[in-house]
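To start, the structure under review is shown below, and the notes come after it.
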Amino acid sequence: MKKIIIKCIPGGSFLTNSYIIGDPDSNDAILIDPGSQVREVLEEIDNSGLNVQKIINTHAHIDHAAGVEDAKQALDAEFYLHPEEEPVLKALPESAMRFPEFSGVKVPKIDKFIEEDDEIEIGSFKARVIHTPGHTFGSICLLIDDHVISGDTLFAGSVGRVDLTGGTSMNELVRSIKTKLMILPESYNVYPGHGPYTTIGIEKKSNPFISGGMILL
């Protein structure tokens, strides 16, 4: 069975994970969450020979979206985002005022809105959109074969915060995880927006936000 290429490039003061996902046969690829490490991301794309024409963000917090405009221009790529995430994207300049690392950030134009169950082609592979509100209104995860790109929805041993720009509630976040991610096979790999990768099975058994019996209202 052909395996998809997954390259993780962590960077910036928040150690945000950007991902390059590619088809080894066609060399078609997508870029997910280019943050302040966009220079390193573009170097990796150039060295890999992958053809990135789509940039997809799991959400629009500044540590995940600061490099979108530069990546768009360098790659001549389209930018995809969930429509409920647009207010968070527009707040980038305000967020940049609190973090000198992101000074001069540009708000990129959204080329295509993506919603629940949309499928994005990556050569012969497809990435399915899973809308997981909680960390922000329009947070999404991407399901590609047996891999989940989880953004700041689900981490190894933890979950995303809900007290940042666009956050909803912990109840909604945990509900999204339990009803949309924990129903996947336990063997599926999870690649989060920060920290190491994990699996659905590990999180189902040991993540305290999922196994600890939180009451969902």
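Only helices enter this figure: runs of n ≥ 4 DSSP H residues, each worth -39500 (n - 2.57), summed and divided by the residues of the chain, yield -5500 deg cm²/dmol at 222 nm to the nearest 500. Among 19, 188, the ranking by other beta carbons within 10 Å of each residue's beta carbon, starting with the fewest, stands as 188, 19. Listed by Cβ neighbour count within 10 Å, with the fewest neighbours leading, 85, 69 appear as 69, 85. Would you mind pulling out the separation of the Cα centroids of region 87-128 and region 35-67, in Å? Using only Cα atoms, the two centres lie 10 Å from each other. Note on 198, 16: ascending count of other Cβ atoms within 10 Å places them as 198, 16, the fewest first.
Couplings 3J(HN,Hα) of region 111-127, computed from phi: 8, 8, 7, 10, 9, 3, 6, 4, 10, 10, 6, 10, x, 8, 9, 9, 9 Hz, in residue order, whole Hz [Karplus 6.51 cos²θ - 1.76 cosθ + 1.60, θ = phi - 60°; x for Gly and Pro]. A Förster distance of 30 Å, applied to the separation of the beta-carbon atoms of residue 117 and residue 205, puts the FRET efficiency at 0.60. Taking the DSSP beta bridges with both ends in the chain, the antiparallel portion is around 65 percent. Placing a label point 7 Å from the Cα of residue 164 along the Cα-to-Cβ line, the residues of region 15-53 whose backbone N sits under 11 Å from it are 15-17. What aspartates and glutamates could a cross-link reach from residue 3, if we take a straight Cα to Cα line under 14 Å and drop same-chain neighbours fewer than 8 places away? Candidates past the 8-residue exclusion: 23, 25, 28, 145, 146. Taking 0.36 nm per residue of separation and subtracting the Cα-Cα distance, full extension of the segment from residue 107 to residue 15 would add 31.0 nm. In this Cβ point-charge picture (+1 for Lys and Arg, -1 for Asp and Glu), the chain has a dipole of about 600 debye about its Cα centre.
Place a point 7 Å from Cα of residue 39 in the direction of its Cβ. Which residues in region 1-16 have their backbone N less than 15 Å from it? Flagged as within label range: 11-13.
Between the residues 32, 134, 58, the greatest Cα displacement towards the positive end of the dipole of the chain, with unit charges on the Cβ of Lys, Arg, Asp and Glu, is found for 134.
Under the combined filter of DSSP loop state and at most 14 neighbouring Cβ atoms within 10 Å, region 117-217 retains these GluC sites (Glu not before Pro): 186.
Every number in this text was worked out from the coordinates using simple rules, so none of it is lab data. As the structure is a prediction and not an experimental result, all values here were calculated from the model. Neighbour counts are summed over all protein chains in view; Cβ atoms, including those assigned to glycine, are modelled from backbone coordinates with ideal geometry.
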